[in-house]
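For reference, the structure is listed below as structure tokens.
The values are calculated or read from the model by the stated rules, or taken from the named source; none is laboratory data. Since we're looking at a predicted model, the values are computed, not measured. Quick reminder, even Gly has a Cβ in these numbers, built from the backbone with ideal geometry, and neighbours come from all protein chains shown.
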Amino acid sequence: MKRTTIILLYLLGQVQAQHIQGIVQNTQKQPIVGANIFWLGTSKGTTSDENGKFHLEKLSENNRLVIAAVGFLSDTLTIEKQDFVSITLKEEEQNIQAVEVKAESHFVDKESPMLNEVLTRKELTKAACCNLSESFETNASVDVSYPDAVTGSKQIRMLGLDGTYVLINAENLPFLRGLASTYGLNFVPGTWIQSIDLIKGAGSVLNGYESMTGQINVELLKPDMKEKAILNAYLNHFGRIEGNAVMRYKLAHQWQGSVLAHASTLQRHIDTNQDGFLDLPLFTQYNVINRFKKQTERWSGQFGIKMLYDNRRGGQSSFWGKNPLPTAYGTQTRTQRAEFFAKNAILYPKEPYKGLGWISSAIWHNQEGFLGKNLYTGTQKTLYNQIIYNNIISNTQHNYKTGITHTIDDYQESFKDSIFTRREHILGVFAEYTYNYLKKFTLVVGNRLDKHNLFGWIYTPRLHFRYEFAPNTIARLSAGRGFRVPNPIAENWGFLVNNRSIFAENNLKPEISWNYGISLQKSWKWGMGKKIDWTTDFFQTIFQNQLVVDMDRNATELHFTNLQGKSFARSFQTELAMRLLAGLETKVAYKYYDVQTTLAGSLQERPYVSRHRFFVNASYETRRSGLQFDATLKWQGRQRLPVSHNPLETGETQYSPAFGLLNAQITKKWNTWEWYVGGENLLGFVQENPIISADNPQSPHFDATMVWGPIFGQMIYTGLRVHLSGSTQNQ
């Protein structure tokens with residue numbers, strides 16, 4: 001009997017050794033139902049049951065086990081002698097949050113085939129971050145500036161080119177395009193932002209053909225956020241006041257909802273250089289989103305509505321006084337915007353690599369106002385729909401996504417005595433194939449074909465390649481074509497604050513470009529959490545056609561023309577991100593831009609672009625006192641200036657001086673409360689007399705567009721953040 005028992009135990013051990021058992025859970029230790037578990041490169045696999053458990057036969061020729069589930073990041077394990085494994089998958093939206101647990105606030109996604117930087121909520125709190133335009137203050141890849149000294153509109157620059165060449169989405173839906181280009185960077189409060197994905201290069205064909213130098217996708221806080229409510233109040237010494245609130249609530253039948261609200265204003269007249277013009281426009285903004293979300297085993301849905309009102313007034317302080325002179329100069333832009341969006345997905349629990357999604361949005365955008373005596377009105381109506389299907393070919397090494405997109409854009413604009421109308425219908429199909437090999441090699445090939453009612457067929461190829469040729473050493477290549485239809489007035493609002501005569505070609509053509517990029521990413525880790533990340537990249541954008549804003553033909557003229565000659569932008573950036581001491585993060589970067597365009601009949605440096613830029617950011621968080629110290633130093637080299645009215649200038653090319661900017665902030669944290677105080681432009685550098693003929697804005701020489709640096713000095717601010725925690729279960 002004893003001998004028989006021994007034999008049975010031996011045989012049982014042999015059977016167990018030939019099988020692997022386990023459980024698949026999320027980060028909250030809840031079972032994941034229907035997770036797909038299979039041996040890499042084969043069709044041998046199983047799925048997890050209602051308790052997250054699985055049982056699978058081992059293969060003698062393969063020990064790489066892949067675990068994948070819809071809505072979660074896939075994982076691959078090497079199975080040696082284990083008979084049981086416990087697997088924890090991170091949610092896709094948590095791949096950003098997971099970095100916060102490691103105390104990182106900014107990182108480059110190592111697994112992405114594209115050069116994708118991620119800015120987390122922790123990164124955004126290093127500065128006041130009142131809105132999207134201020135979210136890049138601690139980032140070296142994106143530059144933010146004012147194009148003029150009156151309207152307060154902001155522009156970003158990436159890879160040496162204006163933000164109009166960057167596709168900016170909100171949760172993968174079209175956002176900052178068309179008429180929203182004028183002030184859209186001010187329309188997303190920083191408190192609302194969960195994270196920002198910043199992709200350099202042509203990007204994916206799934207998001208359309210308009211990305212030329214990169215893509216920025218802003219993820220907002222969702223109804224299932226961990227906090228019950230987030231509150232923020234802000235005040236600076238110029239008199240700008242802001243308030244933000246994000247609150248979630250529970251509805252019946254698995255529905256969750258949230259409200260994101262914002263109000264801000266500045267009504268104090270600021271004129272630090274005493275030229276009679278407001279350094280900052282007076283403004284009032286109200287902004288709200290109400291959104292809903294529901295997720296079941298087989299369906300996920302999100303719906304929401306956005307409403308915005310924004311009113312901005314600039315110009316001479318006397319224009320907005322009680323008795324303005326008839327010759328006083330003023331500007332105003334009043335924006336009203338409404339948007340509805342929906343995101344739906346059909347899920348396949350037993351086939352987590354498979355999915356069918358439909359996203360849709362409808363936008364009404366109206367803005368009207370004036371620049372001096374020139375009146376402007378503009379209305380944009382946009383309807384966007386996309387259906388996307390993703391699946392695998394044979395196994396998860398071969399993935400594909402395909403779908404169809406339909407966009408309707410209706411533009412009605414008038415400026416001075418000119419009327420601009422355009423109605424676009426674009427129907428497109430796309431397909432993107434991805435090949436992955438053991439997370440070392442990734443190839444993405446994308447193609448899309450769109451039929452435009454005004455410009456015919458548009459073909460957009462994209463290619464991305466990633467190779468980890470040594471541990472923590474990754475090389476990437478990218479190439480792609482971009483196409484976009486420009487909006488000359490809205491996208492160049494800041495260049496119109498002058499008395500130049502405007503000349504525009506009758507047949508302005510779409511812009512077409514090719515972008516090529518290469519990058520190298522290397523990481524070193526040692527000791528107790530010590531780490532250095534080094535990223536170097538080079539990108540080149542070559543235009544086949546471009547809308548050229550030419551200020552160099554004549555000091556009294558502004559020309560909008562098609563490209564007649566060459567135009568290109570070359571960008572080189574190298575950056576070190578270091579964690580050498582507990583609680584200390586440091587980033588050091590250098591950028592070089594070579595941006596040239598055919599202007600006034602000759603190939604020249606593009607104006608207002610600094611060839612050399614340096615960037616240093618340091619953040620230190622104490623272990624016990626709850627204090628955090630942040631500082632950012634930026635240095636910009638000289639910039640070429642366009643032809644000016646200044647009689648002191650000679651015929652030689654004029655350049656601005658180099659200058660530096662220093663921002664800093666101190667934050668004190670108590671459990672759910674945070675108090676912060678900081679300053680911007682602490683070195684106090686200011687461009688002298690940014691407005692030409694400010695004393696006589698009716699003269700032909702008046703020009704407020706010759707801005708290359710800060711137009712106001714030091715700014716001190718303070719604010720309070722409150723995070724109220726609560727369970728996501730029924731309250």
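Structure summary
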quantity	calculated
Any hit, region 517-537, residues being in a strand (DSSP E or B), touching a helix residue (DSSP H, G or I) at 6+ places or on another chain (Cβ under 9 Å), crowded, with 19+ Cβ neighbours inside 10 Å and not polar (S, T, N, Q)	no
Test: residue in region 582-602 that is modelled with pLDDT under 95, out of contact with any strand residue (DSSP E or B) (no Cβ under 9 Å at 6 or more places or on another chain) and within 30 Å of residue 507 (Cβ to Cβ)	yes
Region 525-559, residues that are within 31 Å of the chain's Cα centre (by Cα) and either outside the structural domain of residue 473 (by TED's automatic domain parsing) or among the charged types (D, E, K, R) (or both)	525, 530, 531, 533, 537, 550
Every residue from region 264-305 that is of a type in the set (A, V, I, L, M, F, W, C) and buried (at least 16 other Cβ atoms within 10 Å of the Cβ)	266, 270, 277, 278, 280, 282, 283, 289, 292, 303
Test: residue 468 is touching a residue at least 24 places away in the same chain (Cβ under 8 Å) and touching a Gly at 6+ places or on another chain (Cβ under 7 Å)	no
Cβ-Cβ under 8 Å pairs, at least 6 apart or on other chains, region 347-358 side assigned to a strand (DSSP E or B), far side of a type in the set (Gly, Ala, Ser)	347/71; 347/300; 347/355; 355/345; 356/345; 357/345; 358/342; 358/345
Residue selected from region 321-354 under the condition under 30 Å from the mean Cα position of the chain (by Cα) and among the small types (Gly, Ala, Ser), by the criterion farthest from residue 702 (Cα to Cα)	345
Count of region 89-114 residues which are at pLDDT 90 or above and more than 25 Å from residue 66 (Cα to Cα)	0
For residue 641: the one exception among (1) closer than 30 Å to residue 374 by Cα; (2) in contact with a strand residue (DSSP E or B) (Cβ under 8 Å, 6 or more places away or on another chain); (3) exposed (fewer than 14 other Cβ atoms within 10 Å of the Cβ); (4) not hydroxyl-bearing (Ser, Thr, Tyr)	(3)
Test: residue in region 170-178 that is within 26 Å of residue 660 (Cβ to Cβ) and assigned by TED's automatic domain parsing to the domain that holds residue 305	no
Region 521-555 - residue that is of a type in the set (S, T, N, Q) and out of contact with any Asp or Glu (no Cβ under 8 Å at 6 or more places or on another chain) and, of those, modelled with the lowest pLDDT	554
Out of 406, 398, sole residue that is modelled with pLDDT of 95 or more, on the phi < 0 side of the Ramachandran plot and surrounded by fewer than 16 Cβ atoms within 10 Å (Cβ to Cβ)	406
Near pairs, Cβ below 8 angstrom, 6+ apart or cross-chain, from region 56-82 (without any contact (Cβ under 8 Å) to a residue 40 or more places away in the chain) to any residue that is among the polar types (S, T, N, Q) and assigned to a loop (DSSP other than H, G, I, E, B)	57/18; 59/42; 62/42; 78/63; 80/63
Top-ranked residue in region 281-320 [being small (Gly, Ala, Ser) and over 27 Å from the mean Cα position of the chain (by Cα); ranked as nearest to residue 251 (Cα to Cα)]	314
Residue satisfying all of: in region 164-183; farther than 25 Å from residue 302 by Cβ and among the aromatic types (Phe, Trp, Tyr); nearest to the chain's Cα centre (by Cα) among these	165
Condition check for residue 437: at pLDDT 95 or above and either outside the structural domain of residue 66 (by TED's automatic domain parsing) or exposed (fewer than 14 other Cβ atoms within 10 Å of the Cβ) (or both)	no
Matching strands (runs of 3 or more DSSP E) fully within region 23-74 where at least 2 residues are at pLDDT 80 or above and closer than 20 Å to residue 436 by Cβ	36-39, 64-68
Any hit, region 256-264, residues being of a type in the set (Ser, Thr, Tyr) and more than 22 Å from residue 170 (Cβ to Cβ)	no
Qualifying residue in region 511-520 (condition: under 20 Å from the mean Cα position of the chain (by Cα), at pLDDT 95 or above and acidic (Asp, Glu))	no
Considering residues of region 625-638 that are of a type in the set (S, T, N, Q) and modelled with pLDDT of 90 or more only, the residue surrounded by the fewest Cβ atoms within 10 Å (Cβ to Cβ)	628
